Every structure is written in C-alpha cells, then in structure tokens.
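Asks: After the structure tokens below, expect a handful of questions from me.
The values are calculated or read from the model by the stated rules, or taken from the named source; none is laboratory data. The model shown is predicted, which means the values in this text are computed figures rather than measured ones. Glycine also receives a Cβ, built like all others from the backbone with ideal geometry; neighbour counts cover every protein chain displayed. Note: accessible area is taken over every heavy atom of the protein model, side chains too, but ligands, DNA and RNA are not part of it. Shrake-Rupley method; radii C 1.70, N 1.55, O 1.52, S 1.80 Å.
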Amino acid sequence: MAISATVKNIIETAVAKAVATCGSDGVNVVPVSMVRVNDNTIWLFDFFMDKTTTNLHKNELVALTAWTGMQGIQIKATATYHTSGDDFVDAVAWVKEQNPERVVKGLIVLTPTKVFDISPGGAFLETNLVV
C-alpha cells in the first residue's frame, strides 16, 4: 500500500524528526536531517549514524517520529541498510542535488508497517495515516 499524502506531507514539512533503533547496547535515538518519501518507502541517509547502523544490523525494527509543535506522527517500520545498488546510487545523486556538501555512507530504507498520531487529543484522521 502506498504512503498517504498526509503522512508524506507531515514527514516532509516537520520541523523535527528522529529515528529510534535498538541493539545490544539498548535504544538509540538520533535526529534526522534529510528524508525522502517515496511511494512505499522512506529513505534516511547515513552521514554519521554509527550506532544506528550497528543497531540495524542486529534489529531491523525502527520508529521514525516527525513533529512540528504539538502535532506529529510516529511510524513503525522495518529497515534495510544499503551501500550499493540502484537505490543507493539514486540516493547519492538525490542528496548531491539537495546538499552537495553531504557524503552518503549508506542508505536506510524504511518500509512502514503502522502510523500513529502522537498529537495530544489527536490531530489527524486515522484513515489518512495509512501506509
């Protein structure tokens, strides 16, 4: 199923974003600076995500949270890590267009499984939070 326009808009316009992973040293949460939302996946870019990538090799389950003020969503997803292949080549080219100074070490591809409204009292219709 495709990522809804609502979810895409929230992610792309959010003032803040963070991704959580879990590995042998426990939970790790880091801010995310660049995100690309595709039809069925969300791309995160490894510029300097050492603990995150270590965790991904042990546990593919992640949570991505995006918010502005008191409105936001949490996306549960499975993640794969790529350092080669067509998606990686596309990711490097996309980042070069967006921010030429950044060097992509790896591509984290999230496949969302569920979206949650984390806004107090709820701000989004559940039918719009589909993935």
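Asks: Can you give the extra length, in nm with one decimal, that the chain gains between Thr127 and Asn38 once fully stretched, where that is 0.36 nm per residue apart less the Cα-Cα distance?
Replies: 30.1 nm is the gain from fully extending Thr127 to Asn38.
Asks: When the accessible area of the chain is split by element with a 1.4 Å probe, what percent falls to carbon and sulfur?
Replies: Carbon-and-sulfur percentage of accessible area, whole number: 52.
Asks: Stretched out fully, how many nm does the piece from Val15 to Thr113 gain, at 0.36 nm a residue minus the Cα gap?
Replies: Extra length available between Val15 and Thr113 comes to 33.0 nm.
Asks: Can you give me the accessible area per residue for the stretch 6-79, using a 1.4 Å probe, in Å²? Before the final figure, lay out the partial values.
Replies: On the way: 3670 Å² over 74 residues.
Accessible surface, normalised per residue, equals 50 Å².
Asks: A follow-up question, please. Over the chain, with a single point scatterer placed on each C-alpha, what log10 of the ratio I(q)/I(0) does the Debye formula yield at q = 0.13, 0.17, 0.22 1/Å?
Replies: One equal scatterer on each Cα of the chain leads to -0.51, -0.88, -1.39.
Asks: Going 7 Å from the Cα of Asp90 in the Cα-to-Cβ direction, what parts of the stretch 39-76 have a backbone nitrogen less than 11 Å from that spot?
Replies: Once the point is set 7 Å along Cα→Cβ of Asp90, 39-43 turn out to lie under 11 Å by backbone N, inside the stretch 39-76.
Asks: Under a point spin-label approximation (7 Å from Cα along Cα-to-Cβ), what is the Glu101-Ser4 distance to one decimal in nm?
Replies: Using points 7 Å along Cα→Cβ, the separation is 3.8 nm.
Asks: Mind listing which trypsin sites (Lys or Arg not before Pro) in the stretch 14-115 are in a DSSP loop and have 16 or fewer other Cβ atoms within 10 Å? Please list the in-between numbers first.
Replies: Numbers: sites: Lys17, Arg36, Lys51, Lys58, Lys76, Lys96, Arg102, Lys105, Lys114; in loops: Arg102, Lys105.
Here the sparse-neighbourhood loop sites are Arg102, Lys105.
Asks: Same structure again: Can you give the net charge of the other residues whose Cβ lies under 14 Å from the Cβ of Lys17, counting K and R as +1 and D and E as -1? All intermediate terms of the calculation are to be shown ahead of the outcome.
Replies: Numbers: positive: Lys8, Arg36; negative: Glu12.
Combined, the nearby Lys, Arg, Asp and Glu give +1.
Asks: In square nanometres and to one decimal, what's the mean projected area of the convex hull around the Cα atoms of the stretch 65-131?
Replies: Spelled out: convex hull of the Cα atoms, projected over all directions, averaged, 5.8 nm².
Asks: I'd like to verify something in the chain: which complete DSSP H helices, judged by Cα projection on the helix axis, reach 20 Å or more and average at least 1.0 on the Kyte-Doolittle scale?
Replies: Going by DSSP H runs, there are no hits.
Asks: Next up: Using a Gaussian network model on the chain with a 10 Å cutoff between Cα atoms, which of Glu97, Glu12, Glu60 fluctuates the most?
Replies: Largest GNM mean-square fluctuation: Glu97.
Asks: Taking the Cα centre of the chain as origin, work out the dipole magnitude from +1 charges on Lys and Arg Cβ and -1 charges on Asp and Glu Cβ, in debye rounded to 20.
Replies: In total the dipole reaches around 200 debye.
Asks: What is the ratio of the Cα radius of gyration of the stretch 1-57 to 2.2 N^0.38 Å, where N is its residue count, to two decimals?
Replies: Compactness ratio reported: 1.23.
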